[in-house]
Every structure is written in structure tokens, then in C-alpha cells.
Amino acid sequence: MDINQIVIIISLLSISTVVVIVGIYLIKLIKDLRVTVRETNQIISSVSRPVSSFSEFLMGFKNGFSLFNSFFNKDKKEKKDNS
């Protein structure tokens with residue numbers, strides 16, 4: 001064997017080893033990322049429920065307040081019409 005062939009074989013083996021190691025690392029990283037996304041979704045959904053119910057409460061309060069104001073606005077309109 002020539003020295004060039006030995007250098008090429010050693011280079012190919014080392015490059016192949018590095019590519020396999022990086023591939024395994026990426027697969028583990030993607031699995032960890034998937035677990036992190038699942039946990040994040042659970043956290044977001046547990047936070048969104050109270051925020052949603054609080055938003056519904058505020059909308060109900062706003063609607064009730066506007067209904068309450070509409071009764072008083074009718075009284076003012078009737079007094080102006082009668083004058």
C-alpha cells in the first residue's frame with residue numbers, strides 16, 4: 001500500500017466516525033426537543049385556562065356594565081324628550 005492510500009483510508013474513517021457521532025447527537029437532541037415541546041404545551045395549556053376564564057369574566061362584567069348604563073341613558077333621553 002502506498003502512503004497516499006493509507007492517509008485517505010484514515011481520513012475517510014475519521015470523517016465517517018465524526019459524521020456518525022454527530023448524527024447520534026442530533027437524534028438525541030431532537031428527542032429532547034420533542035419532550036421539551038410537550039412539557040411546554042402542558043404548561044401553556046394550564047396557564048391558558050385561567051386566563052381564558054378571567055377574560056370571560058371581564059367580558060361578562062363589561063356587558064353587564066353596558067347594560068346597566070343603557071338603563072340610565074334611557075332615563076336621561078326620556079327627560080330630554082319630555083322637556
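The values are calculated or read from the model by the stated rules, or taken from the named source; none is laboratory data. Quick caveat, the model's predicted, so the values are computed rather than measured. Every residue, glycine as well, gets a Cβ built from its backbone with ideal geometry; the counts of neighbours run over all protein chains shown.
The table below gives the values:
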item: Residue match in segment 13-28 (condition: β-branched (Val, Ile, Thr), modelled with pLDDT under 85 and within 24 Å of the chain's Cα centre (by Cα)); result: no
item: Flag for residue 1 being touching a helix residue (DSSP H, G or I) at 6+ places or on another chain (Cβ under 9 Å) and either part of a helix (DSSP H, G or I) or not small (Gly, Ala, Ser) (or both); result: yes
item: Residues located in segment 24-50, provided they are surrounded by 10 or more Cβ atoms within 10 Å (Cβ to Cβ) and among the small types (Gly, Ala, Ser); result: 48
item: Residue 58, sole failed condition from (1) assigned to a helix (DSSP H, G or I); (2) over 29 Å from the mean Cα position of the chain (by Cα); (3) at pLDDT 80 or above; result: (2)
